[in-house]
1. With runs of 4+ DSSP H residues as the only contributors, calculate the mean residue ellipticity of the chain at 222 nm using -39,500 (n - 2.57) per run, divided by the residue total and rounded to the nearest 500.
2. Modelled label-to-label distance, residue 33 and residue 230, 7 Å Cα→beta-carbon offset: nm?
3. Relative to the first principal axis of the alpha-carbon coordinates of the chain, what is the inclination of helix 158-169, with its axis defined by its Cα atoms, in degrees from 0 to 90 and to the nearest 10?
4. Using Cβ counts within 10 Å as a stand-in for footprinting exposure, how do 207, 57 rank, fewest first?
5. Give me the angle, in degrees from 0 to 90, between the Cα long axis of helix 58-75 and the longest principal axis of the Cα atoms of the chain, rounded to the nearest 10.
6. Can you run the Rg to Rh ratio on segment 5-248? Use alpha carbon positions and the Kirkwood inverse-distance Rh.
7. I need to check one value: relative contact order of segment 110-248, counting alpha carbon pairs closer than 8 Å and at least 6 residues apart, in percent.
8. What is the helix-to-structure angle for 21-45, meaning the angle in degrees between its Cα long axis and the longest Cα principal axis of the chain, kept from 0 to 90 and rounded to the nearest 10?
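Bear in mind these aren't lab numbers, they're just calculated from the coordinates by the rules spelled out. Just so we're clear, the structure is a prediction, and the values are computed from it rather than from any experiment. A quick note on method: Cβ atoms are made from the backbone with ideal geometry, for glycine too, and the neighbour counts reach across all protein chains shown.
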Ligand SMILES: C[S@@+](CC[C@H](N)C(=O)[O-])C[C@H]1O[C@@H](n2cnc3c(N)ncnc32)[C@H](O)[C@@H]1O
């Protein structure tokens, strides 16, 4: 039998023997650190977060409109669970066409800003919640939205996130996700770490402190490879700045 090996978090691990006590512990520690940095960074950035959407570049703006159109078409009339809603930038837009929305985020600061948006929609409820614990959200949905979240999911937790998301939404629910394409010079310096499959962005928060934020970039081919075994009717779109996908939970 051929023996195959992976490198994970600086360790050479034989496939099939992935979980030894030491590795499991170290992987857990690394994931906890990445998660904490991500949460602290976005908490810190909540007040200025929306600025990142405001670029004068025409192509950027056209692509944002294309994402908006695709999202609205996919989610029109639906009972929507939005994961990692942030300041409610997308929530406010999709609220015009969705039936109702429960929008969750881990950051109270983000949620406070979301609740103060200019256009208050009666069909939106913002709640604190964890993207990895969606079973705790009590309502029922027939659609899911997760914009600019998938890139922050460690590769080792993609299956966990998708499993929880799809289980919460249920069969035949429609899902829409959008995120960044890697463009050098935008969103901070890219950082790679030996033995770690995720990439990171070096980001300066508004108070001047620096964070290494876990941020993975995917091509349309990789998105198809990752998502097609777990979805049906998958549509993948990759443009210059953003990718977006729409599919159905099988
Ligand atoms: C890049 S922002 C995306 C915000 C919004 N979806 C958007 O597209 O503008 C990522 C968001 O994930 C949130 N977040 C981080 N960890 C989370 C978790 N475990 N569960 C839910 N939200 C989380 C952050 O607070 C932040 O608001």
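1. -9500 deg cm²/dmol
2. According to this spin-label approximation, the distance is 2.5 nm.
3. It is inclined by approximately 40 degrees.
4. Placing the least packed residue first, the sequence is 207, 57.
5. Computed tilt is about 80 degrees.
6. Values: Rg = 17.9 Å, Rh = 18.8 Å.
Rg/Rh for segment 5-248 comes to 0.95.
7. Relative contact order for segment 110-248 comes out at 22 percent.
8. 30
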